[in-house]
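Have a look at the structure below before the remarks.
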Amino acid sequence: MNKCLICERKSESLVCEQHSKVYKNILEGYELWKKAKGLSWNDYLSELSENRYAGAWVRLLAKKMLELGIRAP
Amino acid sequence: MGKGVLIIAEKPDAAQRIAEALDDRGKPKKSMRRGIPYFLASRKGESLIVVPALGHLYTVCQAKGGRDDYPIFEIDWAPRYLAERGASQTKLWIETISELSKEADTFISACDFDIEGSLIGYNILKYACGEKDKEAKRMRFSTLTERELVKAYENASPQLDFPLIEAGRARHEVDFIYGVNLTRALTSAVAKESGRYFTISTGRVQGPTLHFVVEREKEILSFVPTPYWKIDAMVKVSGRSLEALYEKDRIETFGEAQEVVEKCGGKIGLIKDVRTRRIAQAPPTPFNIGDLQAEAYRLFGFTPLRTLGIAEALYLSALISYPRTSSQKLPATIDSRGILEALAQMPDYKALAQQLLSKERILPHEGEKEDSAHPAIYPTGKAPDRELNPSEKKLYDLIVKRFMATFAEESLRESLRVEIENSGYKFFLQGSRILEEGWLRFYRPYVKGEEKILPPLKVGQEVLFIKVEALEKFTEPPPRFNPSSLLRLMEDWQIGTKATRAEIIDTLYKRNYVRDERMAATELGFDVDEVLGKFSPAIISVDMTRELESRMDAIEKGLETREKVLAEAIDRIKPVLEELKARERELGEQLSLIVRKVLQQQRSVGACPVCGTGTLFILRSRRTGKRFVGCSNFFKGLCKASFPLPQRGTIKPTGDACQGCGWPTLGVKALGRRPWILCLNPSCPKKAGGEDR
Ligand SMILES: [Zn+2]
Ligand SMILES: [Zn+2]
Ligand SMILES: [Zn+2]
């Protein structure tokens, strides 16, 4: 992994520093979604990638994480 | 006979009002020199020359050096026609005023009474009239009505308001030094790297303001919504269906929401409690400019800049008091009773004004905010002497009704809360009615004052739950700013002034840093903010700007000198500029990438609907020099799509698809025509009925 999944800038992790907040928000959000609707990680990412209130960066990253089969940490 | 009195007004309309008010017969003679209007009046044997400025005739400029030099710390004031392109008109004004000043031996500044007005008058007296700033008098007024102008003339203060002038000079000088140096630093970094001349502007207030918008946009882009559930319930009681509110506004888990639905649906509930409460609501406070801008945006969708422009026109017609005010107070000196009496002569306001006049005491419900120079915005009561346009009518009506509402009584509302128990859960019915209208009556239709009347209900009564459903909802991201809410935020952070905030927001649009009414930062806005943040965080941080604002306020209060504050400002910006210069290469590389992207985007119209794989670009024919739209696949021999364009005016891709056919569209702006939207599709269904709008 050497490109940010959102902006394609060079990055050692999934996303660059500028987009690290997006990744963090997705992880934190999962705890709330799991409690609220008992969703699996993949179902969560899939719902998130189509949710109209989710930010464009969030939708994009959720979709790519799903495609790449990235598991919940 | 001795020489005359030269009175300097800020604008032609104001000059005319002043001359009419001061002339013994109310009929000054209008003259022209070099096409510049001025007015000759005579008052008690004195001859008055009232001459208008055209806003600022002088401006800050660099004392030496070329257009690309930076840093620039030595500055001067000069006529605008020497320092700016497109200001050649000011030459005629300055020459005319200069000539007229030789016919006078007494000088009065009658420009708007605030920082900008005081500075406009000062510069003219100093530079155009030959150092008359030291002997000139100052007229102070908040409306252009005859009564007030005469009073202002008779009681003119013996000298100019130097604290205001010095604060104004400091503001212009500091903003010039910041704006010119930062913009040149960025622009020259690009030029050195790429050989392109592309202005990348920022400023003392502009940088932090753009940063607000970018930060909000990032928050929205990174927003992860959380699901929750809301209970949607209806009960039937006394033959009526009423909405019942569940005790919890939001339920965090689906399981809990399901349980409420299963246990309560179709059941009979019991009224446990009926409670009434009286709520008094105080009248609104008088308008200051920020309040007026917010209200006009809420009600009419006017941008703050537009509201300011309309208010200015109403002021110049002597219909309202000076609009650039922070005050929410109406002092007794404005004679509110007299104004209400005058309003009572107007058919639209007669009934309401008379009701207020019948009160024993006429006292406004004032707000906290003050302004040392002007009261809150109020109508003068003068009947319009010209036909108002629809926008002016709207704003005028709003101002009059707000003015009247502030003198009215509070309104009294009774709210009713009925508690119902169903299977151990609580629900509520809510009703409300207006007991006393009070100020609501004066502020309609700008306040609704809605009622919700419930049938008579008592404790122990049974109600049937005819609907209990759980609705899935999601938390929402913070809203985008609109020009009005961004202006409020600038006020809250105390950056900029009431005279400049709306203009700075407008600049963000003009520079293509933001787009749309719900302000979204553009890619350019994002990139510029990011680069500035990386190379010198101070430019986009609100702190530096805010501290400077408070120092400049100190000048206005007479507590600090302009020289000292200017020196401090230079001390602050110097290291920033040094840093930018030291890293010019790196800065230039990053900015050049941005510029390239922008130039490319400006020409890119959208995906080619003909071949489906190319991109349409605005191109210019080598042969004919005419512009047209062509496909990027043309050069690969894959697509011959090409569309003619209007040759006059400016053309910008909208980025939106045509609503009729889905093809890319362009916005066209030509002189003397309304801007219009052009769909590229020659057989677009929307074109059948004429031109696409
Ligand atoms: Zn990134
Ligand atoms: Zn094509
Ligand atoms: Zn079309």
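Here are a few things to note about the model shown:
- In this structure, residue B:601 does satisfy being away from ligand 2 (no atom under 13 Å from the Cβ), surrounded by fewer than 16 Cβ atoms within 10 Å (Cβ to Cβ) and not aromatic (Phe, Trp, Tyr).
- Subset of the range B:419-439 that is in a strand (DSSP E or B) and of a type in the set (S, T, N, Q) - its residue that is most open to solvent (accessible area, probe 1.4 Å): B:430
- Test result for residue B:573, touching a Pro at 6+ places or on another chain (Cβ under 6 Å), open to solvent by less than 50 Å² (accessible area, probe 1.4 Å), aliphatic (A, V, I, L, M) and closer than 16 Å to residue B:201 by Cβ: no
- Looking only at residues of the range A:10-22 that are within 11 Å of chain B (Cβ to nearest Cβ) and near ligand 1 (Cβ under 6 Å from one of its atoms), we find that the one that is most open to solvent (accessible area, probe 1.4 Å) is A:18.
- For the range B:279-309, taking the residues that are aliphatic (A, V, I, L, M) and either under 20 Å from residue B:492 (Cβ atoms) or surrounded by 24 or more Cβ atoms within 10 Å (Cβ to Cβ) (or both), the one that is modelled with the lowest pLDDT is identified as B:305.
- Selection from the range B:393-418 of residues that are under 30 Å from residue B:455 (Cα atoms) and part of a loop (DSSP other than H, G, I, E, B): B:409, B:410
- Residue A:60 surrounded by fewer than 14 Cβ atoms within 10 Å (Cβ to Cβ), more than 16 Å from ligand 2 (Cβ to nearest atom) and at the interface with another protein chain (Cβ under 10 Å from one of its Cβ atoms): no
- Looking across B:173, B:215, one residue alone is in a helix (DSSP H, G or I) and open to solvent by 10 Å² or more (accessible area, probe 1.4 Å). It is B:215.
- So residue B:598, is it closer than 30 Å to residue B:651 by Cβ, hydrophobic (A, V, I, L, M, F, W, C) and modelled with pLDDT under 90: yes
- Tallying residues that are within 16 Å of ligand 3 (Cβ to nearest atom) and part of a loop (DSSP other than H, G, I, E, B) within the range B:606-639 yields 3.
The values are calculated or read from the model by the stated rules, or taken from the named source; none is laboratory data. This structure is a prediction, so every number in the text was calculated from the model and none was measured. FYI the Cβ positions are ideal-geometry reconstructions off the backbone, even for glycines, and counts take in every protein chain you see. Surface areas here come from the heavy atoms of the whole protein model, side chains and all, with no ligands, DNA or RNA. Shrake-Rupley method; radii C 1.70, N 1.55, O 1.52, S 1.80 Å.
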